[in-house]
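The values are calculated or read from the model by the stated rules, or taken from the named source; none is laboratory data. These numbers were taken from a predicted model, which means no experiment stands behind them. Note that we place each Cβ from the backbone using ideal geometry, even for glycine, and neighbour counts take in every protein chain shown. Ligands, DNA and RNA are stripped out before the accessible areas are found, and what is left, the full protein with its side chains, is counted by its heavy atoms. Shrake-Rupley method; radii C 1.70, N 1.55, O 1.52, S 1.80 Å.
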Amino acid sequence: MPDYLCGMKILMVCLGNICRSPLAEGILQHKAQQAGLSWTVDSAGTNGYHVGEAPHHLSQKVALLNGVDISSQRSRRFSGADFDQFDMIYAMAGDVVEEMKWLAKNRFQEAKVELLMNELHPGSDMDVPDPWYGTEPGYHEVYKMIEAACDRIIARHTSLAHQ
Ligand code: 4NP
């Protein structure tokens with residue numbers, strides 16, 4: 001396997017690390033495995049309010065309905081040290097990037113950070129909406145958005161492999 005496909009380390013970040021980024025971690029990990037990519041995928045949250053908790057029950061439910069089990073994930077807080085560990089860090093929304101900058105201070109590396117939805121709609125700076133205050137349909141919507149972006153990430157890397 002070419003070097004650029006080995007050991008990619010990707011971090012997904014949202015505010016609480018219980019709704020959006022656990023879905024993003026689970027979906028990308030699942031798709032990478034299916035594509036035969038040995039990637040490390042993790043997630044974290046900027047606010048630290050839910051550290052140690054499992055993903056929100058509706059994120060778990062919607063993921064499982066799509067064949068992705070995220071029940072063993074536990075929330076952790078994002079830190080500047082994540083810039084040493086990961087090749088690429090996807091933020092679910094613009095406010096998350098601002099929080100990452102505040103937490104990481106001079107360890108923040110612009111080149112490693114991208115809004116997840118820019119993978120699907122480059123330059124749009126679209127947010128994955130926060131489903132936390134809403135009901136189940138919001139979680140299905142968020143799942144679809146994250147899945148489409150993850151499909152694009154996998155497609156880009158697997159097409160590189162076939163060049
Ligand atoms: P998430 O959603 O960032 O997608 O995990 C949230 C979950 C909890 C809170 C905010 C957002 N909260 O403030 O507790």
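When the Cα positions of Ala91, Ala111, Ser43 are compared along the charge dipole of the chain, Ser43 comes out farthest toward the positive end, with charges on each C-beta of Lys, Arg, Asp and Glu. When every Cα-Cα distance of the chain is counted in 5 angstrom steps from zero, the calculated P(r) takes the values 2, 9, 19, 23, 22, 15, 7, 2, 0 percent. Residue-wise HN-Hα couplings along segment 44-57, as the Karplus relation 6.51 cos²θ - 1.76 cosθ + 1.60 with θ = phi - 60° gives them from phi, are 7, x, 7, 8, x, 6, 10, 3, x, 7, 6, x, 3, 4 Hz; Gly and Pro carry x.
Carbon and sulfur: what percent of the chain's accessible surface (1.4 Å probe)? Carbon and sulfur together cover 51 percent of it. Our coupling estimate for segment 12-22, obtained by passing each phi through the Karplus curve with A = 6.51, B = -1.76, C = 1.60 and θ = phi - 60°, is 9, 10, 9, 7, x, 6, 10, 10, 7, 5, x Hz, Gly and Pro reported as x.
Can you pick out the pairs among Lys31/Lys105; Lys101/Lys144; Lys31/Lys61 whose Cα atoms lie more than 25 Å from each other? Intermediate results must be reported in sequence, preceding the final value.
Values: Lys31/Lys105 32 Å; Lys101/Lys144 28 Å; Lys31/Lys61 18 Å.
Those over the limit are Lys31/Lys105; Lys101/Lys144.
Each of Met100, His140, Gly52 was placed along the dipole of segment 3-161 (beta-carbon charges, centred on the mean Cα), and the one lying farthest toward the positive end is Gly52. Here the spin labels are modelled as points 7 Å beyond Cα on the Cα-Cβ line, and at Glu98 and His57 they lie 3.3 nm apart.
Remark on Leu115: its backbone amide H falls under 5 Å from those of Ala91, a criterion applied only to residues 5 or more positions apart or on other chains, H modelled at 1.01 Å from N. Taking a virtual spin label 7 Å from the Cα of Asn106 along the C-beta vector, which residues in segment 75-89 bring their backbone nitrogen under 18 Å of it? Once the point is set 7 Å along Cα→Cβ of Asn106, 80-84 turn out to lie under 18 Å by backbone N, inside segment 75-89.
Its relative contact order, with pairs defined as Cα atoms under 8 Å and 6+ residues apart, puts the chain at 26 percent. Less than 5 angstrom separates the built amide H of Leu15 from those of Thr46, all sequence-distant by 5 or more or on a different chain.
Peptides 131-144, 88-101, ordered by how many other C-beta atoms sit within 10 Å of their residues on average, highest first, read 88-101, 131-144.
Spin-label model, Asp69 to Asp151: label points 7 Å out along the Cα-to-beta-carbon direction sit 2.5 nm apart. In this structure, the amide hydrogen of Arg77, modeled 1.01 Å from its nitrogen in the peptide plane, lies closer than 5 angstrom to those of Gly45, counting only residues at least 5 positions away or on a different chain.
Could you give the size of the charge dipole of segment 47-132 about its Cα centre, using +1 on the Cβ of each K and R and -1 on the Cβ of each D and E, expressed in debye and rounded to the nearest 20?
360 debye
What you get for the chain, charging only the Cβ of Lys and Arg (+1) and of Asp and Glu (-1), is a dipole of about 280 debye around the Cα centre. Report summary: the helix-based calculation at 222 nm, which adds -39500 (n - 2.57) for every DSSP H run with n ≥ 4 and divides by the residues of the chain, gives -12500 deg cm²/dmol.
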